[in-house]
1. Can we say ARG259 is assigned by TED's automatic domain parsing to the domain that holds GLY165, over 25 Å from PRO20 (Cα atoms) and in a helix (DSSP H, G or I)?
2. Which of the residues that make up segment 115-162 are in contact with a helix residue (DSSP H, G or I) (Cβ under 8 Å, 6 or more places away or on another chain) and under 20 Å from THR204 (Cα atoms)?
3. Considering only residues that are assigned to a loop (DSSP other than H, G, I, E, B) and either in contact with a Phe, Trp or Tyr (Cβ under 9 Å, 6 or more places away or on another chain) or among the basic types (Lys, Arg) (or both), which ones fall in segment 226-244?
4. Could you tell me how many of the residues in segment 201-222 are outside any helix (DSSP H, G or I) and charged (D, E, K, R)?
5. Looking at (1) under 18 Å from the mean Cα position of the chain (by Cα); (2) touching a residue at least 24 places away in the same chain (Cβ under 8 Å), can you tell me which one VAL121 breaks?
6. Any chance you could count how many residues in segment 19-38 are under 22 Å from the mean Cα position of the chain (by Cα), in a loop (DSSP other than H, G, I, E, B) and either at pLDDT 80 or above or surrounded by 17 or more Cβ atoms within 10 Å (Cβ to Cβ) (or both)?
7. Those residues that are aliphatic (A, V, I, L, M) and touching a residue at least 60 places away in the same chain (Cβ under 8 Å), I need them from segment 29-76; list them, please.
8. Looking at THR278, THR211, can you tell me which residue is under 27 Å from PHE32 (Cα atoms) and either among the hydroxyl-bearing types (Ser, Thr, Tyr) or without any contact (Cβ under 8 Å) to a residue 12 or more places away in the chain (or both)?
Amino acid sequence: MCTGSLITAGFTAGVVAFDPTGGMNITMDGRFPTLPLSLRPEARDSFGFYAVQYIRAYDGAAGVPLRQSEITPNSAAACANVFFDNSAGVRNVDRDVPLDAVTDPRDLPVDDPMRVALAKVSPYAFALRLADPRRPDGALLSLLRRLERRTPGARNAVAFIDPFGNLLFAYPDLPSRGSIATAFFNTTQAYARTRYRLFNDPSTHVQARNTLTGPNAGTFVWLRAPEPHAMTTVKDLGAYGSTIGRAAPGNFQYYLRPRSGTIEQLRRQISLMPPFYTEVAAIDPRQVAGY
């Protein structure tokens, strides 16, 4: 996610700590084997790996600030420790209700503070309800087509369906917000931010905790599968893995093939990703049944 975002937005970045499970450069040699072959030169021009005294020389792009400096081994170890301790220490502080105890948010009164707050940030909340949350239908396809068609520059649209089949969020690409504002990024960010806010508001905490599940329990539905050779797809696949955190069969669905490239190429790109994405999150895009 970070790699795709930084390159798409045109930044250069200096790196100290390597991430062998989820990082872009897991071989630590500047080859970027987790990226599509066509995008690796762009990564080499964007990232630099700082020199560590007695351990390694600087390796990377010429435009990275402070590239001529060296980091002490203790500082490098501290950076790695901060990174891994933070990753390992992430916990669900909201203590989600077990899925079998979660209740349908649609059953709340329409004037319930949680439903009212959700409707303010998501105009499509509860606009549709699927009979089976893992089987998107033609009505959702039509909604996503409209979102894409009426948004200048949009190439895709994505919806989030909760475990009860309720449409909660749907967004197209929003180029006016920036190059990284893809449909998936907009949708998952909106759900995460809204859920966090409602969990932490005393007036909505109980209802939100009892009705809004983690994103891996719902279904993300793309109008079109991501384009396999786009840097924004690298970002979105990373964001998707970070969003669900573990394998969630049927959570990633799409109606139509990508605008460019093939599903086989997309799956090939996923297979090149670091172990977190291929083994833990086990990203598995599936076409919506019947489309």
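The values are calculated or read from the model by the stated rules, or taken from the named source; none is laboratory data. Note that the structure is a prediction, hence the values are computed from the model and not measured. Don't worry about glycine lacking a Cβ; one is built from the backbone with ideal geometry, like all the others, and counts go over all protein chains shown.
1. Working: assigned by TED's automatic domain parsing to the domain that holds GLY165: yes; over 25 Å from PRO20 (Cα atoms): yes; in a helix (DSSP H, G or I): no.
No; evaluated as a whole, the condition is false for this residue.
2. ARG115, ALA117, LEU118, VAL121, SER122, TYR124, ALA125, PHE126, ASP162
3. Keep residues of segment 226-244 that are assigned to a loop (DSSP other than H, G, I, E, B), which gives 226-230.
The one that is assigned to a loop (DSSP other than H, G, I, E, B) and either in contact with a Phe, Trp or Tyr (Cβ under 9 Å, 6 or more places away or on another chain) or among the basic types (Lys, Arg) (or both): PRO226.
4. Initial filter on segment 201-222 (outside any helix (DSSP H, G or I)): 201-204, 212-214, 218-222.
Filter once more, keeping what is charged (D, E, K, R): 201.
Count: 1.
5. So VAL121 meets the others, but not (1).
6. Within segment 19-38, residues that are under 22 Å from the mean Cα position of the chain (by Cα), in a loop (DSSP other than H, G, I, E, B) and either at pLDDT 80 or above or surrounded by 17 or more Cβ atoms within 10 Å (Cβ to Cβ) (or both) number 11.
7. Just the residues of segment 29-76 that are aliphatic (A, V, I, L, M), to begin with: 35, 37, 39, 43, 51-52, 55, 57, 61-62, 64, 66, 71, 76.
If the condition is that a residue be aliphatic (A, V, I, L, M) and touching a residue at least 60 places away in the same chain (Cβ under 8 Å), then LEU35, LEU39, ALA76 are the ones that fit.
8. Working: THR211 fails: under 27 Å from PHE32 (Cα atoms).
Within the list THR278, THR211, the selection yields THR278.
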